[in-house]
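To start, the structure under review is shown below, and the notes come after it.
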Amino acid sequence: MKQQNEDKEVMELAIGAGHLLLENGAEIFRVEETMDRICRHFGVESGNAFVLSNGIFATAGNEREGFFAKVQHIPVSGAHLDKVAAVNQLSREISQGKYTVQEAMAALNAIKAMPGKRKITQILASGVGSGAFCYLFGGTLVDGCCALAAGTLLYLFVLYVSGPRLSKIVGNILGGALVTLVCCLLYLVRKGGQLDYMIIGSIMPLIPGVPFTNAIRDIADGDYISGSVRMLDALLVFFCIAIGVGMAYSMMMGALGGDVL
């Protein structure tokens, strides 16, 4: 009975680590490898995990080890690579024998409680990133400043309106429309010279670069179901942003008689 309880604690630890990795944008193979490493280090040879992009199926048990089965649903969400890196480091230290099961669970809970980036930091990062991308793609310094303003307004919208109140589809459509309207207005008052680069730079904070990259890696590793789900989610975001940009640009052209550029 004691051995069965210990095996259950190990499996709960492995699932907790896998859940945290998957929830924060890790690849499927990384989740499976981490869970397997934890199980084998603590002596649960029968531990087995089947991981999808939004769920984990974990089982264990044979004639010598206690039986265990658990399913966890994990919604598709954003990427927080600092937590992924912290769990990876924890799994390496577990393999080196630096933690007992209880100590590892406490460390995992500490990682789970890590605070996210402050809102002001995210807003400033969005603005600076938008301006930098605009300049990188060929815009002038003035165009970059306009994109900075649009990117800052965009993340204010994301954090205080879109995130807490709107679905992903509606939020991305309205986000793309917002930056397009802001850039068009700045262009019309002669604050920027190249509207296309201003818009391209401004929408970059909405682009799901990490999920799209992970989708390609999952497909390359043979995880076709998970890779396809992540790819579909990323493509849906791209499509929604394009709809928002197109709608707002069409509205501006209609209001100005077809003369924006």
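Quick look at the numbers
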| item | result |
| --- | --- |
| Among the residues listed as TYR99, TYR135, the single one being of a type outside the set (Lys, Arg), surrounded by 12 or more Cβ atoms within 10 Å (Cβ to Cβ) and without any contact (Cβ under 8 Å) to a residue 12 or more places away in the chain | TYR99 |
| Selection from region 212-233 of residues that are part of a helix (DSSP H, G or I) and surrounded by 21 or more Cβ atoms within 10 Å (Cβ to Cβ) | ASN214, ALA215, ASP218, SER226, GLY227, ARG230 |
| Region 10-22 residues that are touching a residue at least 12 places away in the same chain (Cβ under 8 Å) and within 13 Å of ILE74 (Cβ to Cβ), paired with ones that are charged (D, E, K, R) and assigned to a helix (DSSP H, G or I) (beta carbon under 7 Å, 6 or more apart) | LEU20/LYS83; LEU20/LYS112; LEU21/ARG30 |
| Count of region 147-203 residues which are open to solvent by 70 Å² or more (accessible area, probe 1.4 Å) and in a loop (DSSP other than H, G, I, E, B) | 3 |
| Verdict on ASP82 being acidic (Asp, Glu), in contact (Cβ under 8 Å) with a residue 60 or more places away in the chain and not in a strand (DSSP E or B) | no |
| Residue in region 19-28 that is of a type outside the set (D, E, K, R), open to solvent by 20 Å² or more (accessible area, probe 1.4 Å) and under 30 Å from MET231 (Cβ atoms) present | yes |
| Subset of region 97-122 that is within 17 Å of the chain's Cα centre (by Cα) and in a loop (DSSP other than H, G, I, E, B) - its residue that is farthest from GLU9 (Cα to Cα) | ARG118 |
| Residue among MET252, MET198, MET231 that is free of Cβ contacts under 8 Å to residues at least 24 places away in the same chain and of a type outside the set (S, T, N, Q) | MET231 |
| MET251 modelled with pLDDT under 90, open to solvent by 60 Å² or more (accessible area, probe 1.4 Å), of a type in the set (A, V, I, L, M, F, W, C) and closer than 26 Å to CYS183 by Cα | yes |
| Flag for LYS83 being farther than 23 Å from GLU27 by Cα and basic (Lys, Arg) | no |
| Selected residue (only one of ASN54, ASN62, ASN88 is farther than 20 Å from ARG30 by Cβ, open to solvent by less than 80 Å² (accessible area, probe 1.4 Å) and not aliphatic (A, V, I, L, M)) | ASN62 |
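The values are calculated or read from the model by the stated rules, or taken from the named source; none is laboratory data. Quick caveat: nothing in here was measured; it's all calculated off a predicted structure. As a convention, Cβ positions derive from the backbone with ideal geometry for all residues, glycine included, and neighbour counts pool all protein chains shown. Only protein heavy atoms, including side chains, enter the accessible area calculation; ligands, DNA and RNA are left aside. Shrake-Rupley method; radii C 1.70, N 1.55, O 1.52, S 1.80 Å.
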